[in-house]
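For reference, the structure discussed in these notes is given below.
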Amino acid sequence: MYTFRQLAWFFRRYWKRYSLGIFLLLLINLLMLIPPRLIGDAVDHMRMGTLTPRLLTQMMAILLGLGLLFYVLRFLWRHLLIGGALTLEKILRQRFFTHLTRMTPSFYQRRRTGDVMAVATNDIPAIELTAGEGVLTLVDSLFMTLLVLSTMVLTIDWKLTLAALLPMPFLAWATAYYGRLLHERFYLAQEAFGRMNDHIQESISGMRVLRAFVQEEKDVEAFRQVSEQTLRRNVDVAKVEALFEPTIAVIINFSFLIGLGYGSWLVFTSQISLGDLVAFNLYLGLLIWPMFAFGYLMNIVQRGSASLKRLQEILNETPDVQDQPGALASVEPGGIEAAGLTFRYPGSERPALRDISFSLQRGETLGIVGRTGSGKSTLCRLFLHQYPLPERTLYVSGKPIEAYSLSALRRMIAYVPQEHLLFSRTIRDNVAFSNKSAAEQEILHALALAEMTEDIARFPHGLDTMVGEKGVTLSGGQKQRISIARALLADAEILILDDSLSAVDARTEESILGHLRRERAGKTTIIAAHRLSAVQHADEILVLDEGRIVERGTHHELMAQDGWYAEQYRRQQLEQLVIGAEGGGSR
Ligand code: ATP
Ligand code: MG
């Protein structure tokens, strides 16, 4: 009943709907007691020869009327209870999704996407079942049993009732035993389903890579194993379920046996009438459903609680970065500063950044360069406060970033991540994502700044061309430039470009950078790059190596230092010359 208690908030919120639904169920249960009595009476009348055609017609009319009434009442309670349960499903899914949007990257690193999706698609419906059929079977099994038993005791014979109930303790034991087994197995089965889901999700999104490396067969084989395991675990669940019904049937048959044997003796010794015996057996028949319902209830509740556990595990996770009490709701425009910033990714031993210090006035540009894996992206990400970081190490406008609310901080920053993410929508929607109310003119302007105008003109539907699965497939450089346009449209105080010009040729890069300098005069820009030409104009350039600043200064100062930067710059210039001689790069 733990599951029901966990859902108490929901039943309280929809108490009217549930009270009415349960009232109707009770009414049906009460009315169901009438037909057996009626038939028992008919038998007695027959035996005594007092059954007149008039009486018989009356009885039949009542039976018919009841039948019709059941039809209406059953529709109504279903509508109320199942409708309520579907509402619960919607609420839970909404809550789940909202929770997911609050989680930080470390959550997504720990949890596999497919498994998280399985909770939404598979576990939430299992909980929904508890709130619908679970309530039905709870009411039916408890109330109906009580009602039928008391009718038997009061109107027929208490000794006969007691005797027929002798096998029932076995039923209680069996359901408890199977229930526990079911809970464990269902949890494992849902887990396996989550893994399978994750496999499918990864394979689909990685299909190109799979094909390119001719790994399809291996992947199919790996999938066969996961689905095999899912199958085995579901069969384990089915086995327990399959035992439920026969067990209940056997126990009920024992009851019938006792009822018939002992009951006949009671009729024989005239302690009850023949009609009573008939009615008694019909009442026993009425007990079959509540008994099954009880077993089914255990089944549903165990599934529900296993699924609820999986859902709660995710809902109970708190994001590792949260607004502090009294967090500032807005950020004054100002400079950026890092003071001895050392940072480890959660769960990682080695710091990804060590002792980083710099100071940037408002309106200046910071360049971050260094070998691959040196920590450029990490530094960019930290400004967004996606990871917990040591207090008082990173400042915006003179205040440590943990003093600001996350939404204020993120409104202040436009970020183009190294891995571009475009949605399967139109180009217009993708760009306007950062500023929903932007006019067409502004969107076109942002795209022009990102040097996308010509490309757009070539697309079949211009701005309204669909991107991705259902539309044009964009080149890496086009994706990058659309991402840049999206960030530029936000017109944020701080712009962070994480290697966002890597897939465009040198000339395009130069003109985008030129636009940036003009458009963003007075605003702060951070550029991480492999190609040093992208940071050449920066007010300060940091050269990172293994998370440390190994060289720093302006382009000229760095060239004068004649270290990694200078060497790298000369090499890249040379490469550019060679490419130039070959007739230009690709866009
Ligand atoms: P690239 O030039 O290839 O983009 P980068 O300079 O941007 O490299 P980062 O992505 O910042 O390098 O990575 C710096 C270090 O942090 C690497 O050693 C990397 O393995 C580690 N790292 C990056 N992301 C994570 C993460 N989410 N969790 C743990 N470690 C990470
Ligand atoms: Mg990077």
Sole exception among (1) part of a helix (DSSP H, G or I); (2) over 30 Å from L389 (Cα atoms) for T98, by number: (2)
Condition met for R531 (closer than 28 Å to T453 by Cα and either charged (D, E, K, R) or open to solvent by 80 Å² or more (accessible area, probe 1.4 Å) (or both)): yes
Elements of type helices (runs of 4 or more DSSP H) contained in region 345-438, each with 3 or more residues being more than 16 Å from ligand 2 (Cβ to nearest atom) and open to solvent by less than 60 Å² (accessible area, probe 1.4 Å): 406-412, 427-432
Test: residue in region 559-581 that is within 30 Å of I413 (Cα to Cα) and of a type in the set (D, E): no
Enumeration of residues in region 319-374 that are near ligand 1 (Cβ under 9 Å from one of its atoms), among the hydroxyl-bearing types (S, T, Y) and either closer than 30 Å to A566 by Cα or at pLDDT 95 or above (or both): T372, S374
Hits in region 483-504 - residues which are assigned to a loop (DSSP other than H, G, I, E, B) and within 16 Å of ligand 2 (Cβ to nearest atom): D499, S500, L501, S502, A503
Any hit, region 512-534, residues being within 16 Å of ligand 2 (Cβ to nearest atom), in contact (Cβ under 8 Å) with a residue 60 or more places away in the chain, closer than 28 Å to T342 by Cα and of a type outside the set (A, V, I, L, M): yes
Region 534-551 - residue that is within 16 Å of ligand 1 (Cβ to nearest atom) and open to solvent by 60 Å² or more (accessible area, probe 1.4 Å) and, of those, farthest from P351 (Cα to Cα): V550
Unique match (being under 30 Å from L38 (Cα atoms), surrounded by fewer than 23 Cβ atoms within 10 Å (Cβ to Cβ), assigned by TED's automatic domain parsing to the domain that holds A131 and more than 48 Å from the chain's Cα centre (by Cα)) among L274, L286: L274
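Here is a yes/no grid of residues against (1) of a type in the set (F, W, Y); (2) closer than 30 Å to I127 by Cβ; (3) open to solvent by 10 Å² or more (accessible area, probe 1.4 Å):
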site: M144; (1), (2), (3): no, yes, no
site: S150; (1), (2), (3): no, no, yes
site: V153; (1), (2), (3): no, no, yes
site: K159; (1), (2), (3): no, no, yes
site: L166; (1), (2), (3): no, no, yes
site: W173; (1), (2), (3): yes, yes, yes
site: G179; (1), (2), (3): no, yes, no
site: L182; (1), (2), (3): no, yes, no
Where a residue in region 427-454 is within 23 Å of R411 (Cβ to Cβ) and its partner, wherever it lies, is of a type in the set (F, W, Y) and modelled with pLDDT under 95, with Cβ under 8 Å and at least six apart: D429/F423; N430/F423; F433/F423
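The values are calculated or read from the model by the stated rules, or taken from the named source; none is laboratory data. Fair warning: this is a prediction, and the values are worked out from it, not measured in the lab. Neighbour counts are summed over all protein chains in view; Cβ atoms, including those assigned to glycine, are modelled from backbone coordinates with ideal geometry. These accessible areas exclude ligands, DNA and RNA; they are computed on the full protein's heavy atoms, side chains included. Shrake-Rupley method; radii C 1.70, N 1.55, O 1.52, S 1.80 Å.
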